[in-house]
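Asker: Before anything else, here's the structure in question.
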Amino acid sequence: MKILLADDKPSLCESLGLLFQGEGYQVVVAQDGQQAVELFRREMPDLVVLDVSMPKLDGFEVCEAIRAVDPQVPVLMLSARSDVIDRKAGFRAGADDYVVKPFDNGELLLRVRALLRRSQAQVSDPGRLVRVISVGDLAIDQSKCEVTVGGRVIKLTPKELQILALLAASPGQVFTRDDIIGAIWGEDYTDSAISIPTYIRRLRMKIEDDPSEPTHIETVWRFGWRLRVPGA
């Protein structure tokens, strides 16, 4: 498997490159954001490790550019900043994981393996990914990463689309916070600071005619959320 490593510090690139190669991964290295985007398009790696602070394009901008090309490839972001705001910005940009420097190499490898394992499970079992999900006037085309409501195209971030697709795959079923995080990010992240209510609020702002009176995504008090079954 191939890993794209993007960081503007040559010493870190060298040490992580040796770490990943020691585990049998092929590594390609970019030392600025623009080069990272170019290498991603050319190399099409199986996983991307991005530093947040890079010249030309920062990690958030690179992640958004990668998601425009491939909404599924795992992206792990590295940062010397541990602020919740930065973590949220990373997840909003489409990152799957966020690791703060300095980090333990063993833990980083575990996170890389977990991301690759989930990615390969999806690829090896394409039947798990229903390409188009339709519920009432809501349609989700996962192959195009496109959502329409009443024929109107709605622009969602990768994580927003994944959450909506999860709810839409089982309309009427209630999903708890841990259900959603476990399905989208992985069970290891249920104790993290990921805010599912924030994602739900943003989804409602985009797909509901009146977000204060939602007709698609319903809150089940003290339990979680579900996609309303039309006519129910």
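Asker: List every residue whose amide H lies under 5 Å from the amide H of residue 146, counting only residues 5 or more places away in sequence or on a different chain, with H placed 1.01 Å from N in the peptide plane.
Answerer: 141
Asker: Could you work out how much longer the chain between residue 9 and residue 104 gets when fully extended? Use 0.36 nm per residue separation minus the Cα distance between them, nm to one decimal.
Answerer: Numbers: separation 95, 0.36 × 95 = 34.20 nm, distance 1.75 nm.
Full extension from residue 9 to residue 104 adds 32.4 nm.
Asker: Looking only at GluC sites (Glu not before Pro) in DSSP loops with at most 15 other Cβ atoms within 10 Å, what is the longest site-free stretch of the chain?
Answerer: 24-207
Asker: Mind pulling up the Rg/Rh value for segment 14-70? Radius of gyration and Kirkwood radius, both on Cα. Before the final figure, lay out each step's value.
Answerer: Values: Rg = 11.3 Å, Rh = 11.7 Å.
Taking Rg over the Kirkwood Rh, I get 0.96.
Asker: Roughly how many whole Å is it from the C-alpha centroid of segment 32-66 to that of segment 160-223?
Answerer: Measuring centre to centre over Cα atoms gives 28 Å.
Asker: Which of the chymotrypsin sites (Phe, Trp or Tyr not before Pro) across segment 164-232 are loop residues per DSSP, with 16 or fewer other Cβ within 10 Å?
Answerer: Details: sites: 175, 185, 189, 199, 221, 223, 225; in loops: 185, 221, 223.
Filter output for segment 164-232: 221, 223.
Asker: Let me ask another. Using Cβ counts within 10 Å as a stand-in for footprinting exposure, how do 46, 51 rank, fewest first? Write down the numbers at each step before the final one.
Answerer: Values: 46 18, 51 25.
Ascending number of Cβ neighbours within 10 Å: 46, 51.
Asker: Here's something else I'd like to know. Which part of segment 188-219 falls in the paramagnetic zone of residue 173, meaning amide N under 15 Å from the point 7 Å along Cα-to-beta-carbon?
Answerer: none
Asker: In addition: Give me the angle, in degrees from 0 to 90, between the Cα long axis of helix 158-169 and the longest principal axis of the Cα atoms of the chain, rounded to the nearest 10.
Answerer: With both axes taken from Cα atoms, the answer is about 40 degrees.
Asker: In addition: Output ³J(HN,Hα) for segment 52-60: one whole-Hz value per residue in order, computed from phi by the Karplus curve 6.51 cos²θ - 1.76 cosθ + 1.60 with θ = phi - 60°, and x for Gly and Pro.
Answerer: Taking θ as phi minus 60°, the curve returns 6, 8, 9, x, 6, 9, 7, x, 5 Hz for segment 52-60.
Asker: Which value in nm describes the separation of the simple spin-label points at residue 183 and residue 212, placed 7 Å from the Cα toward the beta carbon?
Answerer: 3.0
Asker: In whole Hz, with x marking every Gly and Pro, tabulate ³J(HN,Hα) for segment 212-223 from phi via Karplus 6.51 cos²θ - 1.76 cosθ + 1.60, θ = phi - 60°.
Answerer: 6, 10, x, 10, 9, 9, 9, 8, 9, 3, 6, 10
Asker: Now for a separate question. Compute the Cα gyration tensor for segment 2-126, then decide on rounded, prolate or oblate, letting a ≥ b ≥ c be the square roots of its eigenvalues: rounded whenever a/c is under 1.5, prolate when a/b is larger than b/c in the other cases, and oblate in all that remain.
Answerer: Values: a/c = 1.21, a/b = 1.10, b/c = 1.10.
Here segment 2-126 falls in the rounded category.
Asker: Here's a follow-up. Do you know the relative contact order of the chain, to the nearest whole percent, from alpha carbon pairs under 8 angstrom that are 6+ apart? Intermediate results must be reported in sequence, preceding the final value.
Answerer: Details: 346 pairs, mean separation 28.4, N = 232.
Relative CO of the chain lands at 12 percent.
Asker: Compute the normalised compactness of the chain: alpha-carbon radius of gyration over 2.2 N^0.38 Å, N being the residue count. Don't jump to the answer; show the numbers that get you there.
Answerer: Working: Rg = 18.3 Å, N = 232, 2.2 N^0.38 = 17.4 Å.
My calculation over the Cα atoms of the chain gives 1.05.
Asker: To the nearest 20 debye, what charge dipole does the chain have about its Cα centre, counting +1 at the Cβ of each Lys and Arg and -1 at the Cβ of each Asp and Glu?
Answerer: Working: 29 positive and 34 negative charges, 96 e Å.
For the chain, the charge dipole is close to 460 debye.
Asker: Straight distance only, please: which lysines reach the Cα of residue 155 with their own Cα at less than 20 Å, same-chain residues fewer than 8 apart left out?
Answerer: The reachable lysines, counting only those whose Cα sits under 20 Å from residue 155, are 88, 144, 206.
Asker: Starting from the coordinates of the alpha-carbon atoms of segment 130-227, obtain the Kirkwood hydrodynamic radius over all distinct pairs and give the value in Å to one decimal. Could you put the intermediate results ahead of the total?
Answerer: Values: mean 1/r = 0.0736 Å⁻¹.
Evaluated over segment 130-227, this radius sits at 13.6 Å.
Each reported figure results from applying straightforward, stated rules to the coordinates on display, with no laboratory input. Because the structure is predicted, anything quoted here is derived from the model rather than measured. Note that we place each Cβ from the backbone using ideal geometry, even for glycine, and neighbour counts take in every protein chain shown.
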